[in-house]
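Structure first, then comments.
The values are calculated or read from the model by the stated rules, or taken from the named source; none is laboratory data. Computed from a predicted model, the values in this text were never measured in an experiment. With ideal geometry, Cβ positions are generated from the backbone for all residues, glycine too; neighbour counts draw on all protein chains shown. These accessible areas exclude ligands, DNA and RNA; they are computed on the full protein's heavy atoms, side chains included. Shrake-Rupley method; radii C 1.70, N 1.55, O 1.52, S 1.80 Å.
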Amino acid sequence: MESPSIYIPMDRRQALAHGRSLPERVQGTALFADISGFTPLTEVLARELGPQRGSEEITRHLNQVYDAVIAEVHDQGGSVIGFSGDAITCWFDQDNGLRAVACGLAMQQAMARFASVVTPSGMAVPLAIKTSIACGPARRFLVGDPEYLLVEALAGQTLDRLAQVDHHANGGEVVLDMVTAQALGDQVEIASQWHDKDDGRGYAVVSGLNRPAPPAAWPSLADDAIHHAIARPWLLPPVYQRLRRGLGEFLAELRPAVSLFMSFTGIDYDRDPEAGRKLDRFIREVQAILAQYEGSLIQLTIGDKGSYLYAAFGAPVAHEDDTLRAASTALALRELALRTDFIGEARLGIDQGRMRTGAYGSSTMRTYGVLGNATNMA
């Protein structure tokens, strides 16, 4: 059986193994790494090999890339807090940016061997990674009903700045906002920098380090360091049951599914001391509605344009009427937002299509995802 603990961020895993708790208010550096090219590669492989073999091949490529990329995160003492499609949000606690930059540069080197994937028909599909970095204070939340799913989230102005950096990053680049670049000073080599007149912020592309980051790799943990019962709340119950039956390798497939996105505002993550309690209450109520219609909460993301959550229908549990279930859930979530006094504007979108579903990631950090063009459209 694949260990459920690899679905838990590494810093949380270390804390659980040693009986420690993690603080809500943290200081360090956030890194967002976005890999492009997997959605078109999925479509090409499905067309050439069929949905089942195509799904197996895309999962193999995806896991190879994440094995390389996430190894760099853990080598620098960072943790993957969450997956957003083919992207990861990472946190380097008590880092002034140096370890995160070292990680970002190493990620680019690791991706060099995956720059192009040649399909069985000879088509070359390019893959690339862009890395965005911002340092400062943040708030770390663990929310949700443990009977359904515990969700990790980072929030605050540092994460808002990180999202702005991502808007300016291109494939093959490691980009900092000027706050982080100035904090690092001559420790990093700057290839280029500019000031964006639209958002009023400065940005810099890093080409190297003038001094190495100090060693910070996580200590290894025994496979049984965290009991399965403790790790279970970080997995959707159907996914955990599949793992218990030894079916982890067969979670990945291409199948029809429905995506539901909900964006919401109203919680001040920087200044409201009750922000964590409010977010937890709201996510638990969302989960209760999803459970009623047997949908699955896939991810929660907090950024510069508010918060959004992503739910899927048809994976990991499928029904003949998943589209109707998604629409009914959306109406119920709209009513929830209207009657919750601390939730501001809420918007919902739904789409359906053939999706890449299943577990993916590295051998040391995984997630369950439902990804595809319908996700982007929703």
Quiz item: So which of Glu147, Glu152 ends up being over 28 Å from Pro214 (Cβ atoms) and in contact (Cβ under 8 Å) with a residue 40 or more places away in the chain?
Solution: Glu147
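Given the options Ala326, Ala359, name the one that is in contact with a Phe, Trp or Tyr (Cβ under 7 Å, 6 or more places away or on another chain), open to solvent by less than 20 Å² (accessible area, probe 1.4 Å) and modelled with pLDDT under 95. Lay out the reasoning, then the answer.
Values: Ala326 fails: modelled with pLDDT under 95.
Ala359 is the lone residue from the list that is in contact with a Phe, Trp or Tyr (Cβ under 7 Å, 6 or more places away or on another chain), open to solvent by less than 20 Å² (accessible area, probe 1.4 Å) and modelled with pLDDT under 95.
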Self-check item: Pair list, Cβ < 7 Å and 6+ apart or interchain, from the stretch 258-280 residues that are in contact (Cβ under 8 Å) with a residue 24 or more places away in the chain and closer than 21 Å to Gln27 by Cα to residues that are among the polar types (S, T, N, Q) and open to solvent by 20 Å² or more (accessible area, probe 1.4 Å)
Solution: Asp270/Gln157
Quiz item: Does Leu150 count as closer than 21 Å to Thr367 by Cβ, in contact with an Asp or Glu (Cβ under 8 Å, 6 or more places away or on another chain) and open to solvent by 10 Å² or more (accessible area, probe 1.4 Å)?
Solution: no
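Yes/no matrix, rows are residues, columns are (1) open to solvent by less than 30 Å² (accessible area, probe 1.4 Å); (2) at pLDDT 95 or above:
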position: Ala163; (1), (2): yes, no
position: His167; (1), (2): no, no
position: Leu176; (1), (2): yes, yes
position: Ile190; (1), (2): no, yes
position: Gly200; (1), (2): no, no
position: Val205; (1), (2): yes, yes
position: Pro212; (1), (2): no, no
position: Trp218; (1), (2): no, yes
Practice problem: Would you check which residues across the stretch 63-79 are closer than 20 Å to Gly171 by Cβ and open to solvent by less than 20 Å² (accessible area, probe 1.4 Å) and list them? | Solution: Val65, Tyr66, Ala68, Val69, Ile70, Val73
Quiz prompt | Of residues in the stretch 362-378 being β-branched (Val, Ile, Thr) and in a strand (DSSP E or B), the one most open to solvent (accessible area, probe 1.4 Å) | solution = Thr367
Exercise. Hey, could you check the stretch 11-37 for residues that are surrounded by 21 or more Cβ atoms within 10 Å (Cβ to Cβ) and in contact with a Leu (Cβ under 9 Å, 6 or more places away or on another chain) and say which is modelled with the lowest pLDDT?
Key: Ile35
Quiz prompt | Evaluation of Leu243 against (1) touching a His at 6+ places or on another chain (Cβ under 7 Å); (2) modelled with pLDDT under 95; (3) aliphatic (A, V, I, L, M) (one fails), failing number | solution = (1)
Practice problem: Within the stretch 98-125, work out how many residues are in contact with a strand residue (DSSP E or B) (Cβ under 7 Å, 6 or more places away or on another chain), surrounded by 15 or more Cβ atoms within 10 Å (Cβ to Cβ) and among the aliphatic types (A, V, I, L, M). | Solution: 8
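Find the residue count for the stretch 9-57, including only residues that are in contact with an Asp or Glu (Cβ under 8 Å, 6 or more places away or on another chain) and among the aliphatic types (A, V, I, L, M). Walk me through how you get there before you give the answer.
So the first thing to find is which residues in the stretch 9-57 are in contact with an Asp or Glu (Cβ under 8 Å, 6 or more places away or on another chain), and the list is 9, 11-12, 22, 26-29, 32, 34-36, 38-39, 45, 49, 51-52, 54-55.
Now narrow it down to the ones that are among the aliphatic types (A, V, I, L, M): 22, 26, 35, 45, 49.
Looking only at that region, the number is 5.
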Practice problem: Select from the stretch 311-355 the residues that are part of a loop (DSSP other than H, G, I, E, B) and within 25 Å of the chain's Cα centre (by Cα) and write down the one among them that is farthest from Thr301 (Cα to Cα). | Solution: Ala318
Exercise. Filter the stretch 329-356 down to the residues that are touching a Leu at 6+ places or on another chain (Cβ under 6 Å) and more than 26 Å from Leu243 (Cα to Cα), then identify the one that is least open to solvent (accessible area, probe 1.4 Å).
Key: Ala330
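Of all residues being of a type in the set (D, E, K, R) and assigned to a strand (DSSP E or B) in the stretch 14-69, which is nearest to the chain's Cα centre (by Cα)? Just the residue, please.
Filtering the stretch 14-69 for residues of a type in the set (D, E, K, R) gives 20, 24-25, 34, 43, 47-48, 53, 56-57, 60, 67.
Going one step further and asking which of them are assigned to a strand (DSSP E or B), we end up with 25, 34.
Working: Arg25: 20, Asp34: 9 Å.
Checking each candidate, the answer is Asp34.
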Quiz item: Considering the stretch 256-271 alone, what residues qualify as being open to solvent by 30 Å² or more (accessible area, probe 1.4 Å), out of contact with any Pro (no Cβ under 9 Å at 6 or more places or on another chain) and not polar (S, T, N, Q)?
Solution: Pro256, Phe261, Gly266, Asp268, Arg271
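Taking the residues in the stretch 126-147 that are among the small types (Gly, Ala, Ser) and either part of a loop (DSSP other than H, G, I, E, B) or over 19 Å from the mean Cα position of the chain (by Cα) (or both) as candidates, determine which candidate is surrounded by the most Cβ atoms within 10 Å (Cβ to Cβ). Before you say what the answer is, go through the steps one by one.
First, pick out the residues of the stretch 126-147 that are among the small types (Gly, Ala, Ser): 128, 132, 134, 136, 138, 144.
Now drop any that are not either part of a loop (DSSP other than H, G, I, E, B) or over 19 Å from the mean Cα position of the chain (by Cα) (or both), which leaves 136, 144.
Values: Gly136: 19, Gly144: 22.
So the residue we want is Gly144.
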Quiz item: Filter the stretch 80-97 for residues that are open to solvent by 40 Å² or more (accessible area, probe 1.4 Å) and part of a loop (DSSP other than H, G, I, E, B); which is farthest from Gly172 (Cα to Cα)?
Solution: Gln94
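Out of all the residues in the stretch 276-310, which are in a loop (DSSP other than H, G, I, E, B) and surrounded by fewer than 19 Cβ atoms within 10 Å (Cβ to Cβ)? Even if it seems obvious, please write down each step before you answer.
Filtering the stretch 276-310 down to residues in a loop (DSSP other than H, G, I, E, B) leaves 294-295, 304-305.
Hits for the stretch 276-310 are Glu294, Asp304, Lys305.
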